[in-house]
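The values are calculated or read from the model by the stated rules, or taken from the named source; none is laboratory data. Computed from a predicted structure; not experimentally measured. Heads up, the Cβs are rebuilt from the backbone with ideal geometry, glycines too, and the neighbour counts pull from every protein chain shown. Accessible surface areas use protein heavy atoms only, side chains included; no ligands, DNA or RNA. Shrake-Rupley method; radii C 1.70, N 1.55, O 1.52, S 1.80 Å.
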Amino acid sequence: MEIFVELDEKKLLECCGSSQFAKEMALASPFSSLDQAISAGRHIWFDKVDVNGWLQAFSAHPQIGQSTSSEWSKGEQSTAFATATDSTLRELADWNARYMHKFGFIFIICASGRTTGQILAELKRRYSNRPIIEFEIAAQEQMKITELRLAKLFSAKPIVASTDTAHGAKKAEAGKTSQIPSRTRPPITTHVLDVFRGSPAAGVEVLLEIWKGTQPQPLFGDTDRSRWVIQGSSTTDKDGRSGPLMSILEDLNPGFYRITFNTGAYFPEGFFPYVSIVFEIKESQRREQFHVPLLLSPFSFTTYRGS
């Protein structure tokens, strides 16, 4: 008998203040493990919840350093409150107000285990970010908070269901059996943010390829495109997210991958006709998630590895 953990939509809404996230997670429930729940949560948060859903989740938090009745927030900010002084709380309140005025949403940070001084230093550092970049960082911090809360929901041992109960029948009816892979999205994903206009970049063509040359890796200056094999292509949607660039695989083939963005079509007067990003996935990283966003303007771009 296999045991699954059922997550209630109301509890999930307390876990993350986005109603869209809570609804999608409840529909995906039950889960056979915390790892499966977190994987589903990341997929829903980054690939399904829209900008308004992110803002709704942000607004459900109290400001850092502010007294709250939320048991979640009290526990997560316990170190901050224990290390706070009147002067640091006043300074934190001042910077919270500056941040809200600049970005239009409250400062989001996974505060668990952080002192007031550490939080204040991070707030000051992130204040210099451009709004679209800070919005992305805030979304990542929100997901960290959600993951901690999901772990607490699991440790509280909510309602469980076995495959031979009515819950098992519900799973079978929805086509969600114990054979579901732990991944809920392709292992390589991307999205594009237009930092010039301060909005998601819609309509950008994206191409994913893998290296299949005779050499073990692509060499600098090698322009032979026949050595790259297409894995998939897509176009970014209104939220700047691309569709699936490959299938949902449990084990990703190690090797060198290249994501290419048709930036010239998006910024006709820009400097880059296209942008290609080459990265290596090692044998030990077969089951990891690779999110490779592009922060784009007409004359510059930035990328990094997300999750």
Self-check item: Candidate set from segment 281-307 (those that are touching a strand residue (DSSP E or B) at 6+ places or on another chain (Cβ under 8 Å) and either among the hydroxyl-bearing types (Ser, Thr, Tyr) or modelled with pLDDT of 95 or more (or both)); member that is most open to solvent (accessible area, probe 1.4 Å)
Solution: THR302
Practice problem: Report, ordered by the first and then the second residue, all pairs with beta carbons closer than 6 Å, sequence separation of six or more or different chains, a first member in segment 36-55 that is within 21 Å of ALA201 (Cβ to Cβ), and a second member that is in a helix (DSSP H, G or I) and open to solvent by 10 Å² or more (accessible area, probe 1.4 Å). | Solution: LYS48/GLU24; VAL49/GLN20; GLY53/GLN20
Quiz prompt | Test: residue in segment 204-219 that is part of a loop (DSSP other than H, G, I, E, B), farther than 20 Å from LYS282 by Cα and either aliphatic (A, V, I, L, M) or open to solvent by 40 Å² or more (accessible area, probe 1.4 Å) (or both) | solution = yes
Quiz item: For segment 109-130, what are the residues that are in a helix (DSSP H, G or I) and open to solvent by 70 Å² or more (accessible area, probe 1.4 Å)?
Solution: GLN118, LYS124, ARG125
Practice problem: Residues being more than 12 Å from THR184 (Cβ to Cβ) and either open to solvent by less than 10 Å² (accessible area, probe 1.4 Å) or modelled with pLDDT under 90 (or both): count how many of those fall in segment 17-28. | Solution: 3
Exercise. Of the conditions (1) touching a residue at least 40 places away in the same chain (Cβ under 8 Å); (2) more than 26 Å from SER39 (Cβ to Cβ); (3) not in a loop (DSSP other than H, G, I, E, B), GLU280 clears all except one; give me its number.
Key: (2)
Quiz item: Taking segment 83-99 as the search range and keeping residues that are in contact (Cβ under 8 Å) with a residue 12 or more places away in the chain and either hydrophobic (A, V, I, L, M, F, W, C) or in a loop (DSSP other than H, G, I, E, B) (or both), which one is least open to solvent (accessible area, probe 1.4 Å)?
Solution: LEU92
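Which count do you get for residues in segment 250-266 that are free of Cβ contacts under 8 Å to residues at least 60 places away in the same chain and of a type outside the set (Gly, Ala, Ser)? Walk me through how you get there before you give the answer.
Going through segment 250-266, the residues free of Cβ contacts under 8 Å to residues at least 60 places away in the same chain turn out to be 251, 253-256, 258, 260, 262-264.
Within this subset, residues satisfying the condition of being of a type outside the set (Gly, Ala, Ser) are 251, 253-254, 256, 258, 260, 262-263.
Counting residues in segment 250-266 that are free of Cβ contacts under 8 Å to residues at least 60 places away in the same chain and of a type outside the set (Gly, Ala, Ser) gives 8.
Return the residues of segment 10-49 that are outside any helix (DSSP H, G or I) and in contact with a Leu (Cβ under 8 Å, 6 or more places away or on another chain); say none if nothing qualifies.
Step one: list which residues in segment 10-49 are outside any helix (DSSP H, G or I), which gives 16-18, 29-33, 48-49.
Across segment 10-49, the qualifying residues are SER29, PRO30, PHE31.
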Quiz prompt | Complete set of residues in segment 228-271 that are open to solvent by 30 Å² or more (accessible area, probe 1.4 Å) and of a type in the set (A, V, I, L, M, F, W, C) | solution = VAL229, ILE230, ILE248, LEU249, PHE256, ALA265, PHE271
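Give SER234, SER242, SER247 a once-over and let me know the one that is farther than 14 Å from VAL278 by Cβ and without any contact (Cβ under 8 Å) to a residue 40 or more places away in the chain. Break it down into steps so the answer makes sense when it comes.
Working: SER242 fails: without any contact (Cβ under 8 Å) to a residue 40 or more places away in the chain; SER247 fails: without any contact (Cβ under 8 Å) to a residue 40 or more places away in the chain.
After ruling out the rest, the residue left standing is SER234.
Return the only residue of LYS144, LYS157, LYS152 being open to solvent by 60 Å² or more (accessible area, probe 1.4 Å), touching a Cys at 6+ places or on another chain (Cβ under 9 Å) and either at pLDDT below 90 or not in a helix (DSSP H, G or I) (or both).
Details: LYS144 fails: either at pLDDT below 90 or not in a helix (DSSP H, G or I) (or both); LYS157 fails: touching a Cys at 6+ places or on another chain (Cβ under 9 Å).
Being open to solvent by 60 Å² or more (accessible area, probe 1.4 Å), touching a Cys at 6+ places or on another chain (Cβ under 9 Å) and either at pLDDT below 90 or not in a helix (DSSP H, G or I) (or both) holds for just one of LYS144, LYS157, LYS152, which is LYS152.
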Quiz prompt | Residues that are touching an Asp or Glu at 6+ places or on another chain (Cβ under 7 Å) and of a type in the set (Gly, Ala, Ser), drawn from segment 99-150 | solution = ALA111, SER112
Quiz item: GLU250 versus (1) modelled with pLDDT under 90; (2) not in a loop (DSSP other than H, G, I, E, B): which is the lone unmet condition?
Solution: (2)
Quiz item: Mind checking which pairs have a first residue in segment 113-140 that is within 21 Å of THR79 (Cβ to Cβ) and among the aliphatic types (A, V, I, L, M) and a second that is at pLDDT 90 or above and exposed (fewer than 15 other Cβ atoms within 10 Å of the Cβ), Cβ under 9 Å, 6 or more apart or different chains?
Solution: LEU123/ARG98
